1. Find the residue count for the range 86-139, including only residues that are within 30 Å of Val165 (Cα to Cα) and either touching a residue at least 24 places away in the same chain (Cβ under 8 Å) or not hydroxyl-bearing (Ser, Thr, Tyr) (or both).
2. Would you point out the residue of the range 203-220, among those that are acidic (Asp, Glu) and surrounded by fewer than 21 Cβ atoms within 10 Å (Cβ to Cβ), that is nearest to the chain's Cα centre (by Cα)?
3. Within the range 43-57, is even one residue among the aliphatic types (A, V, I, L, M) and closer than 30 Å to Gly99 by Cβ?
4. Output the number of the condition that Lys110 fails; it satisfies all remaining conditions of (1) exposed (fewer than 14 other Cβ atoms within 10 Å of the Cβ); (2) touching a helix residue (DSSP H, G or I) at 6+ places or on another chain (Cβ under 9 Å); (3) in a helix (DSSP H, G or I).
5. Could you check the range 328-382 and list, in sequence order, the residues that are more than 14 Å from Glu308 (Cα to Cα), outside any helix (DSSP H, G or I) and in contact with a Ser or Thr (Cβ under 8 Å, 6 or more places away or on another chain)?
6. Taking Lys179, is it basic (Lys, Arg), touching a residue at least 24 places away in the same chain (Cβ under 8 Å) and either touching a strand residue (DSSP E or B) at 6+ places or on another chain (Cβ under 6 Å) or in the same structural domain as Met215 (by TED's automatic domain parsing) (or both)?
7. Mind telling me which of the residues Thr190, Thr167, Thr129 ends up being hydroxyl-bearing (Ser, Thr, Tyr) and either more than 27 Å from Glu83 (Cα to Cα) or out of contact with any strand residue (DSSP E or B) (no Cβ under 8 Å at 6 or more places or on another chain) (or both)?
Amino acid sequence: MATNAEVKDLLEAGVHFGHLTRKWNPNMAPYIYMERNGIHVINLYKTVAKLDEACEALKKISASGRKILFVATKKQAKDIVAEKVSAVNMPYITERWPGGMLTNFVTIRKAVKKMTSIDRMKKDGTFDTLSKKERLQVERLRAKLEKNLGSISDMTRLPGAIFVVDTMREHIAVKEAEKLNIPIFAMVDTNSDPRPIDFVIPSNDDASKSIDIIMSKVTAAVAEGLAERRSEKAAEKQEKETETTAAATAEPKASKPAEEAPKAEAAEETVKEEPAKAEVKKEAAPKKEEAVEKKADKEKADDLTKIEGIGPKAAEALASAGMGTYEALAGGDPEKIKELLTEASSRLAHLDPGSWPKQAKMAAEGKWDELQEWQDKVKGGVE
């Protein structure tokens, strides 16, 4: 829970101001504190609690590697959202919402690819071969695409969640996300309906100060999640490096005593030298075989993080349980996989492996395009 100081900050930013009482939505009644001078006042203690809940969820999503799409097309929110969100390298829409942005994502991706192809034309010199009129048309098309879709050019698949500033204005975005079961986070004013929203942040969505303070808290949580992910990756990389160096140094150390033993015996009895060497070789052979087997297992292991919903930690847990390849995972039972993950770590208990065998089968058969298409259509690997 937040402290009173945070409530004070929200109060100073005017987050508590709602709309006129005649414009209210009755579903917002639980979040309204009182009515004064014909205006509803939002309960800031509930705002703080809901903001903390939303920030925690956003942190987890960003730590899992999924993108969060921020939507704010109203004048007073545009610049704030663009500035705050670009700092954490997340996609955002501040111009007109392109219809079918989520439900027809494949077509939107084609428009983004068109933009990259124009950039490629400029680099390789084919753009200069066009006539003056054609160049002008291409430039205009590029500028239009950049304005509407430039901020989502890095978004190669459907987002893990969307954050909306005004649900009344962005009702199409809310409808599309609702249809695809994408979690919706939103700043909801007293005139809006909170029912379609998964994570409601009751607040003033019209004042720029109010939007600024909420966006600062939200983007800070996202940045924290990203930092956590980077540190996890760095730790895993370090672990792998130490494992490889340990394996490399283990072989020479094992062979040193084997060489010293025959030398000591040779000084005493030259006759027993040959049998001693034979015994040492027999002892060293299984150790070498084990090292070779370990190396072979590492080489055989596939990159399970290409499966939607599997992060580095989950991949590690599956590999240690003998499901380190696409083929092994394809033949696995989702319930057993769930048990394995829960046993490995309580942090992995929330994962839903229902579609993992299906995805693994496609990967094992080399159907990467089909897998990518399926992942684009399905949210978070959950059908």
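1. Within the range 86-139, the first condition is being within 30 Å of Val165 (Cα to Cα), and the residues that meet it are 86-116.
Okay, now just the ones that are also either touching a residue at least 24 places away in the same chain (Cβ under 8 Å) or not hydroxyl-bearing (Ser, Thr, Tyr) (or both), so 86-106, 108-116.
So the answer is 30.
2. Step by step, filter the range 203-220, then rank; the result is Asp212.
3. Yes, that holds for at least one residue.
4. Failing condition for Lys110: (2).
5. Residue satisfying the conditions is Ala349 alone.
6. Against the criterion (basic (Lys, Arg), touching a residue at least 24 places away in the same chain (Cβ under 8 Å) and either touching a strand residue (DSSP E or B) at 6+ places or on another chain (Cβ under 6 Å) or in the same structural domain as Met215 (by TED's automatic domain parsing) (or both)), Lys179 qualifies.
7. One residue alone meets the criteria, Thr129.
Residues are listed down the side, and each one gets a yes or a no for (1) part of a strand (DSSP E or B); (2) more than 28 Å from Asp352 (Cα to Cα):
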residue: His40; (1), (2): yes, yes
residue: Ser62; (1), (2): no, no
residue: Arg66; (1), (2): no, no
residue: Ser86; (1), (2): no, yes
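The values are calculated or read from the model by the stated rules, or taken from the named source; none is laboratory data. The shown structure was predicted, so the numbers you read here are calculated from the model rather than taken from an experiment. Reconstructed Cβ throughout: ideal geometry from the backbone, glycine too, with neighbour counts over all protein chains shown.
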